[in-house]
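Input: a single structure, listed below in structure tokens.
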Amino acid sequence: MSKKYTGTWNSVNEHEVPKWYDGCKFGIFIHWGIYSVPAFAPRTWELGAVETNEEWFCNNPYAEWYYNSINVGKGPSYEHHIEKYGKDFSYEDFLPMWKAENWQPQKWAELFRKAGAKYVVLTTKHHDGFCLYPSEYTDFNCEELGPKRDITGELTDAVRSEGLKMGLYYSGLIDWQFANDPIFKEEDNFGNACPTFEYADYSYNQMKELVDKYHPSVFWNDIGWPKQSEHMMPYFLAHYYNVVEEGVVNDRFNGLYHDFSTKEYKQGEANRKEKWEMCRGMGLSFGYNENEGDDQLISVPDLIHLLVATVSDNGNLLLNIGPKPDGTIPAEQEKRLLALGKWLEINGEGIYDTSCSAHLPETAGDGVQLFFTAKEKDLYVFIEGLSKEENTVLIPGVKGSAETLDSTLNVQCEETKEGMKVRINGYDKEKHIICLKVKDGE
Ligand SMILES: CC(=O)NC[C@H]1N[C@@H](C)[C@@H](O)[C@@H](O)[C@@H]1O
């Protein structure tokens, strides 16, 4: 008999992070919307690298912020809009250009599976207020306008048919259909972006309809929760957990509640003692940005490093893709997903369903980095920075014998008083980070 939650903080605070979420380690974030049509933002900074002040909001690298980037009336996106579309061309005028004519949700889901992802999170309503599902509370949605399909419903079915979990993103506190003064700095709006009871009711009803229609395994709220309905939060969470027993939520609920905490690019803190999730795009944007070609995206080695470093620190990686308006995924993004999947085919045993090891990451000389994960008593050692075909690496404080997850490598182990000395033959740089399994090594 599954636990029944009541609408009280005492009750929902008993909720624990479900094992499936901790074990999944790698998910795909999808930002797809009207903003995918102009697909424009300047390539400036990673979130968290600079202050989110006027300079940030007038040079916003997030292409999904296009509405605000033209609403501020200055900066590269505004100038681009005036030059390319003219000052009388509104954001909503892009809607008929979002046709999704080549969209095949099953192909997306197959790609995510091949990438080694175990869950997906789709934007159902981003800050522009456009709904990627047939909401009962607004006609500003993708069944009535633009693609004229239930994007959320079709993708949810395809993702689940490929054996992945489906999560939904909702912009809880910013909705430019309700409040659209230009945002020049975070404190202007984020704290109280939509300050009406009308919006509080609207957003509560939409979040509940998303839970009831799609039973999302992850409810990924963004920005925050309306102050006017904060007292309703435990009721929503109790309803969500009662409807979706395996449900899990992030930490963007006004700091009042979370199952897992989030980092976004450089913003946010990770504490390995609790479950957290890193989300980022492959470039500086979540929405598709035509200014981000292959050379501007994170490299495959850096992507594999990000996954290993995140997982070894008790995190999940939620890696974003920004599809084009026709429903295709940019080739440079697909290439990276497939490369990650190829690496995970060989090394996934040291990633999926592992937990944090007592061993902390450390350097092993000659620029070699070590990362660790554990699975019951077995220890997995990730070795980054090998360069030669033949390498000798000392793994301090580790005893026993190691086998490599990559069967094309040859590994000999020698126990020394400092730890395990391993000789690795057959390395080449296409292998990126390699993984050794040390039976009973944890
Ligand atoms: C830290 C924060 O509030 N980020 C908001 C940010 N979240 C990203 C996943 C994207 O959806 C951005 O467009 C959004 O502003």
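The values are calculated or read from the model by the stated rules, or taken from the named source; none is laboratory data. Since we're looking at a predicted model, the values are computed, not measured. Reconstructed Cβ throughout: ideal geometry from the backbone, glycine too, with neighbour counts over all protein chains shown. Heads up: the accessible areas ignore ligands, DNA and RNA and are worked out on the full protein's heavy atoms, side chains in. Shrake-Rupley method; radii C 1.70, N 1.55, O 1.52, S 1.80 Å.
For the reader, a short list of remarks on this structure follows.
- The alpha carbon radius of gyration of the range 239-313, expressed as a multiple of 2.2 N^0.38 Å, is 1.35.
- Accessible area (Å², 1.4 Å probe, nearest 10) - ARG43: 100
- Rg/Rh for the chain, where both radii come from Cα atoms and Rh is the Kirkwood radius: 0.99
- Global form of the range 357-438, assessed from the alpha-carbon gyration tensor, a/c cut-off 1.5: rounded
- Within straight-line reach of LYS335, meaning a Cα separation under 19 Å, sit the following aspartates and glutamates at least 8 residues removed in sequence or on another chain: GLU110, GLU290, GLU292, ASP294, ASP295, ASP302, ASP326, GLU345, GLU430.
- Relative contact order (%) - the chain, alpha-carbon pairs under 8 angstrom, separation at least six: 18
- Accessible solvent surface per residue of the chain, calculated while the other protein chains remain in place, 1.4 angstrom probe, Å²: 40
- Gyration tensor verdict on the range 191-263 (Cα atoms; rounded if a/c is under 1.5, prolate if a/b is larger than b/c, oblate otherwise): oblate
- For the chain, the carbon plus sulfur part of the accessible surface works out to 47%, probe radius 1.4 Å.
- Evaluated at q = 0.17 Å⁻¹, a Debye calculation over the C-alpha positions of the range 41-95 (equal weights, vacuum) places log10 I(q)/I(0) at -0.50.
- The chain: angle of helix 105-114 to the longest principal axis, Cα-based, in degrees nearest 10: 20
- For the chain, the residue among ALA309, THR138, ASN242 whose Cα projects farthest onto the positive side of the dipole built from Cβ charges is ALA309.
- Cα gyration tensor, the range 124-194 - rounded (a/c under 1.5), prolate or oblate: oblate
- Cross-link pairs LYS342/LYS375; LYS3/LYS213; LYS263/LYS429; LYS266/LYS439; LYS263/LYS388; LYS273/LYS377 - those with Cα-Cα distance over 24 Å: LYS263/LYS429; LYS266/LYS439; LYS263/LYS388
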